[in-house]
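Colleague: Take this structure, written in structure tokens, and hold onto it; I'll ask about it next.
The values are calculated or read from the model by the stated rules, or taken from the named source; none is laboratory data. Just so it is clear, the structure is predicted and the values come from calculations on it, not from any experiment. Here Cβ is always computed from backbone atoms with ideal geometry, including for glycine, and neighbour counts include all displayed protein chains.
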Amino acid sequence: MEKNVIVKLLDVNKKFDDVSVIKDFSLDIYEGEFITLLGSSGCGKTTVLRIISGLEEVTSGKVFIDNKDVTYLDATKREVNTVFQNFALFSKMTVYENISFGLQMKKIHNMQLVEKIMHILAV
Ligand SMILES: Nc1ncnc2c1ncn2[C@@H]1O[C@H](COP(=O)(O)OP(=O)(O)OP(=O)(O)O)[C@@H](O)[C@H]1O
Ligand SMILES: [Mg+2]
């Protein structure tokens, strides 16, 4: 069975001021695939991830998620999650509250929320 391309980068270029950091980069990530970006420090791995999540805008090229062109879609409107290299947890909240925060932002409430969190914690 042919798998779907979930994330597609097409001829992506990124410049910071006049410095070219990503040059003509294309990538297809298929459903269920586990992808790792490897490369020397400063080669652009984090920049690529930030472009996929919408935290950084491309200079040129296209970004697709689920076959939808999200190149200029705000980060908050993309179905993407980021686990940062350094912990980015709310230190004053419990584990439960940290997990529920993102779901509450998505307006998931009450039983559905509790059910989802308990499922995540049980895995
Ligand atoms: N906001 C920014 N403004 C200017 N230059 C930047 C910015 N972000 C990244 N860069 C530069 O872009 C290049 C790629 O950086 P990036 O952080 O993507 O590399 P990396 O592969 O993730 O490195 P590392 O392995 O150290 O995490 C580097 O030269 C970096 O200095
Ligand atoms: Mg990095």
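Colleague: Take F90 and decide whether it is aromatic (F, W, Y), under 28 Å from E2 (Cα atoms) and either at pLDDT below 95 or surrounded by 12 or more Cβ atoms within 10 Å (Cβ to Cβ) (or both).
Modeller: Considered against the rule, which asks whether it is aromatic (F, W, Y), under 28 Å from E2 (Cα atoms) and either at pLDDT below 95 or surrounded by 12 or more Cβ atoms within 10 Å (Cβ to Cβ) (or both), F90 comes out as no.
Colleague: Just for helices (runs of 4 or more DSSP H) wholly inside segment 16-123: which have at least 2 residues that are within 16 Å of ligand 1 (Cβ to nearest atom)?
Modeller: 45-53
Colleague: Kindly list the number of the only condition in (1) within 16 Å of ligand 2 (Cβ to nearest atom); (2) in contact with a helix residue (DSSP H, G or I) (Cβ under 9 Å, 6 or more places away or on another chain); (3) closer than 27 Å to I99 by Cβ; (4) among the charged types (D, E, K, R) that fails for K14.
Modeller: Here K14 clears every test but (3).
Colleague: Given the conditions (1) more than 16 Å from ligand 2 (Cβ to nearest atom); (2) on the phi < 0 side of the Ramachandran plot; (3) touching a strand residue (DSSP E or B) at 6+ places or on another chain (Cβ under 6 Å), which single one is not true for F90?
Modeller: Failing condition for F90: (3).
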